Structures are given as C-alpha cells and as structure tokens.
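Taking it in order: structure first as structure tokens, then the write-up.
Every read-out reported here was derived from the displayed coordinates using simple, explicitly stated rules and does not represent laboratory data. Predicted, not measured: the structure shown is a model, and the values here were computed from it. Positions of Cβ are generated from backbone atoms using ideal geometry, with glycine treated the same way; all protein chains shown enter the neighbour counts.
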Amino acid sequence: MAGSNEDALRGLGHLALGTRLKRLGDRLQAHAQVILDEAKVPVPASHLPPLAALDSGGAMTVGDLSRALGVTQPGVTRMTGALEAAGLVRSGAAEDDGRARVIELTPAGRGLLARLKRHTFPLIEAAVREACGDDPGRLLGQLAVLEDALEELPLAARAARLAKGARRHD
C-alpha cells in the first residue's frame with residue numbers, strides 16, 4: 001500500500017491538532033512512566049500533577065485542586081483516592097464546609113516529592129526539553145497562547161463566528 005507508513009494526522013494540519021496533542025501527551029506520559037518505574041515511584045505518572053499542585057499550593061479542597069489542574073472533580077476524586085490509598089495524601093472535611101473534602105500531602109507524599117524533585121523530575125524535564133529541539137520555550141509559549149485563547153472563546157464559538165462571517169461574504 002502506497003503511503004501506508006505516513007502519519008495521516010500530520011497531513012490534516014490544525015484539524016487534527018487536538019488528536020495529535022492527545023497522542024503526544026499519551027506518548028510523553030508513557031515514556032515518563034518508564035523513568036518513574038525505574039525510580040520505584042508507587043503511583044502512575046498521571047497521578048503526579050495533584051501531588052505537585054498540593055506541594056506548591058498547600059492543602060486544597062477537591063474543587064480547588066480540580067480548578068488548579070483543569071481536571072474534572074470526579075477525575076481529581078479518583079486520583080486523590082488512589083494517592084490516599086498509597087499513603088501519599090490524606091483527606092478530611094473542610095473546617096468551614098463539612099461537605100467539602102480537603103486534600104493534603106502526608107509526610108510520605110512530601111518525602112516522595114522531595115526525592116523526585118532532586119533527580120527524577122529534572123531528568124524528565126531535561127529529556128523533554130532535548131526532544132523539543134532548539135527552542136523548547138517556543139512550544140510552551142504557543143501552548144499557553146492556545147490555552148488562553150480557548151479559555152477566552154471556546155472553539156465552537158469561534159467556529160460560529162467564522163461561519164457567520166463567511167455567510168456575510170457569500
């Protein structure tokens with residue numbers, strides 16, 4: 001078959017950007033998992049963002065953690081449940097609202113993060129930076145622009161505005 005080795009998504013340009021970013025994210029996470037497994041990290045790579053957010057922001061409610069990560073509350077609840085089972089976080093009722101759960105790092109969670117920040121995180125960071133080529137900051141800047149633009153005006157609203165403008169020019 002001619003062309004069967006070609007990446008069909010690359011040829012679709014911006015149309016397939018979301019799919020390509022998801023595929024790339026999955027690949028990066030799988031590659032990072034190999035490094036984390038070698039470092040004997042007791043949780044999957046996908047569960048490290050909540051730990052990092054709690055490390056930098058202190059104890060948070062599930063809702064606050066959800067907003068900090070840009071992940072749904074059920075997703076945060078699943079991740080923090082696994083982290084709690086691993087002994088890395090603990091949860092309790094918020095003082096001002098007994099319905100809200102506050103999540104905080106345990107001493108074991110703080111210890112794991114300290115170990116990862118000394119060697120493993122810098123190693124993963126350096127490997128991704130190298131893979132990004134000459135100007136890795138450019139990619140991060142472009143991602144920030146895209147995230148901000150979609151926060152300001154979602155894709156569906158942009159498409160509707162563009163379609164309306166196209167109809168005026170017909």
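A few comments on the model shown:
- Working note: Cα gyration tensor of region 21-91, eigenvalues times five, square-rooted, sorted largest first, giving semi-axes of 21, 16, 10 Å.
- In this structure, the amide hydrogen of V102, modeled 1.01 Å from its nitrogen in the peptide plane, lies closer than 5 angstrom to those of G92, A93, A94, counting only residues at least 5 positions away or on a different chain.
- Extension gain, D96 to R161: 0.36 nm times the residue separation minus the Cα-Cα distance gives 19.1 nm.
- Fraction of C-alpha pairs exceeding 21 angstrom in the chain: 62 percent, rounded to a whole number.
- Report summary: the helix-based calculation at 222 nm, which adds -39500 (n - 2.57) for every DSSP H run with n ≥ 4 and divides by the residues of the chain, gives -19500 deg cm²/dmol.
- The residues packed around T120, meaning those with a beta-carbon under 12 Å from its beta-carbon, carry a net charge of +1 if Lys and Arg are +1 and Asp and Glu are -1.
- Contour excess over end-to-end distance, with Cα ends at K22 and I35 and 0.36 nm allotted per residue: 2.7 nm
- Overall size of region 59-122 from C-alpha positions, given as principal axis extents largest first: 38, 23, 19 Å.
- Cβ crowding within 10 Å averaged over residues, with 137-143, 102-108 ranked highest first: 102-108, 137-143
- Across region 37-47, coupling constants 3J(HN,Hα) worked out from phi with the 6.51/-1.76/1.60 Karplus curve, θ = phi - 60°, read 4, 5, 8, 6, 7, x, 9, x, 3, 5, 9 Hz, and Gly and Pro carry x.
- Backbone geometry of region 141-148 corresponds, through the Karplus equation with coefficients 6.51, -1.76 and 1.60 at θ = phi - 60°, to 3J(HN,Hα) couplings of x, 5, 5, 5, 4, 5, 4, 5 Hz, x marking Gly and Pro.
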